[in-house]
1. Can you pull out every residue in the stretch 488-497 that is among the charged types (D, E, K, R) and either within 12 Å of P514 (Cα to Cα) or at pLDDT 95 or above (or both)?
2. Within the stretch 411-437, can you find the residues that are over 34 Å from the mean Cα position of the chain (by Cα) and either in contact (Cβ under 8 Å) with a residue 60 or more places away in the chain or not assigned by the TED database to the domain that holds F363 (or both)?
3. Tell me which of these V300 doesn't satisfy, since it passes every other one: (1) exposed (fewer than 13 other Cβ atoms within 10 Å of the Cβ); (2) modelled with pLDDT under 85.
4. In the set L480, L457, which member is assigned by the TED database to the domain that holds I542 and either at pLDDT below 90 or open to solvent by 50 Å² or more (accessible area, probe 1.4 Å) (or both)?
5. Of the conditions (1) more than 28 Å from C472 (Cβ to Cβ); (2) in a loop (DSSP other than H, G, I, E, B), P547 satisfies every one except a single condition; which number is it?
6. For the stretch 325-345: of the residues being touching a strand residue (DSSP E or B) at 6+ places or on another chain (Cβ under 9 Å) and of a type in the set (D, E, K, R), which is modelled with the highest pLDDT?
7. Kindly establish whether L440 is in the same structural domain as A384 (by the TED database), open to solvent by less than 40 Å² (accessible area, probe 1.4 Å), more than 29 Å from I490 (Cα to Cα) and within 37 Å of the chain's Cα centre (by Cα).
8. Which residue, of R492, R462, is surrounded by 16 or more Cβ atoms within 10 Å (Cβ to Cβ), charged (D, E, K, R) and out of contact with any Cys (no Cβ under 7 Å at 6 or more places or on another chain)?
Amino acid sequence: MRQCKSWSALPLLVLLVPLVLLGLGALAQKLPTRDEGLFQMQIRDKSLFHDSSVVPDGAEISGYLFRDTPKRYYFVVEEDNTPLSVTVTPCDAPLEWKLTLQELPEDASGEGSGEPEPLDQQKQQVTADEGTELFAYKGNDVESYVATSSPSGLYQLELLSTEKDSNFKVYATTTPESDQPYPELPYDPRVDVTALGRTTVTLAWKPTPTGFLMGQPVQYCVVINKEHNFKSMCAAEAKMSTDDAFMAAPKPGRDFSPFDFVHFGFVPSDNGFGKDRGLTSNKISRAYVAKPKASDIQKVCIGNKNIFTVSDLKPDTQYYFDVFAVNAATNTSTAYVGTFARTKEEARQKTVELKDGKVSDVFIKRKGSKFLRFAPVSSHQRVALFVHACLDAVQVQVRRDGKLVLSQNVEGVRQFQLRGKPKAKYLIRLRGSRKGASTLKLLATTRPSGKQPFPSLPEDTRIKAFDKLRTCSSATVAWLGTQDRNKYCIYRKEVAGSYGEEQRRREQNQCAGPETRRKAEKVLCKYFHSPNLQKAVTTETITGMEPGKTYLLDVYVVGHSGHSVKYQSKLVKTRKYC
């Protein structure tokens, strides 16, 4: 069963509304000055104003509108010739709103029973008459009605959203000169772009006079997105939030409706659930709008600085920038005139031309990329692409006449077969590792039937050392081979006892061949293959070592064209005592 709303929890100002409307007797009585400490405590308690149609004097309230469903708010001006200011802030949709002064019926003078009429009954009496329209507006700007002298009476604010369900904020005060809740803009409220890069934009703006003239705590928040500028902070926050962010959790004992389930992400069932509760179908059928990606809009609050550099942007992309001055005490805000800018393009890289059947050495900076172009002279049916990543993995992308035909991460040696087309041109993009610089060898050919430039490799390129076969002067190792007859060369190098895996990994350049080694480090070379892959393993005992020493062992496999690939290095230590 739904709980009835109670007006007993409203602040002192709301409780006095019926008395003001009745105007007890002919004597106009001035209400006592409000207790500012009590008032601030009350407006911070959101439960006092939750779902209330009364606007408190001097406090900003938030509200929610269903599409095509008007909502009315009321507030009281106690005395004639009172200043009045009403500000409405649309958040995520344009609003239609109007302010009217209601005429109270004569029989509501308070004479007769002596009992004040309930506020709901008074509102029913005044809504029968449209009253005098003071101001009307339609749009999504932050708009205010300001009057230096207003008559006493009951004022009605009616709001309507015709586009979609929407959030809004309302602020009304009878002391606008002293309240000044919104930070004041400087004489030039524009946001300027002072520096522009490929991934950064520097913004600057003139400070609000509210901070240093009025002594109020003011900070600045910057909003960045790719769609448009925002006219208010709540508009930006509404864009960042999901639909159910504005839906309060149900109170204990309250029933759920299908509309509640939609907002919590559940799809309502068709079992007549809504019919039992008399709910209209338009509330159930509203589409659930997903939250935009986190990267699409960002809000950064930077304190009282009025210069800020936005980083980690994408090159050649247009961004919109908004700055808001926020009163840290009241959380009210004012928008500067936003700006937009397009980041600079990435520096155009020189495209390397690949020759058919020729190996090219490529160096890529950390996080960098390289472009290569392959344009076969003759007609072809297939293109063979050989990639040998010497260090960390690299990303390889191939486009044939602009169409993406390959995208792979490559470690070690890989071969790709691409379908050819007459007069086709291939653009190859190589993207380096985040860990460090990358080097690789690359070959493209339209004659893949010939001998491969790189030797074939097994899936496992580790070197196995047999601990039980270690002696003071020798070590026995094994490695896998393939079905192709290849040449294998073993090298050894004495290293310090503190030589670790990290240092070994840094030196693990698979493209550095035997020609880079000293002759004294060479142990032997031999040919090996096996028709049966299950038996394609070979062993070798390395002699001539010293007791208690650490050695780095390397195995190179050399292809028919002379290009070599190094297996993963292996550290071994001879026995100290035998």
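The values are calculated or read from the model by the stated rules, or taken from the named source; none is laboratory data. Predicted, not measured: the structure shown is a model, and the values here were computed from it. Please note: Cβ atoms are built from the backbone with ideal geometry, for glycine as well, and neighbour counts cover all protein chains shown. Accessible surface areas use protein heavy atoms only, side chains included; no ligands, DNA or RNA. Shrake-Rupley method; radii C 1.70, N 1.55, O 1.52, S 1.80 Å.
1. Across the stretch 488-497, the qualifying residue is only R492.
2. G412, V413
3. Among (1) exposed (fewer than 13 other Cβ atoms within 10 Å of the Cβ); (2) modelled with pLDDT under 85, the lone unmet condition for V300 is (2).
4. Numbers: L457 fails: assigned by the TED database to the domain that holds I542.
Checking each option against the conditions leaves just L480.
5. The single condition P547 does not satisfy is (1).
6. Result: R342.
7. no
8. Details: R462 fails: surrounded by 16 or more Cβ atoms within 10 Å (Cβ to Cβ).
After ruling out the rest, the residue left standing is R492.
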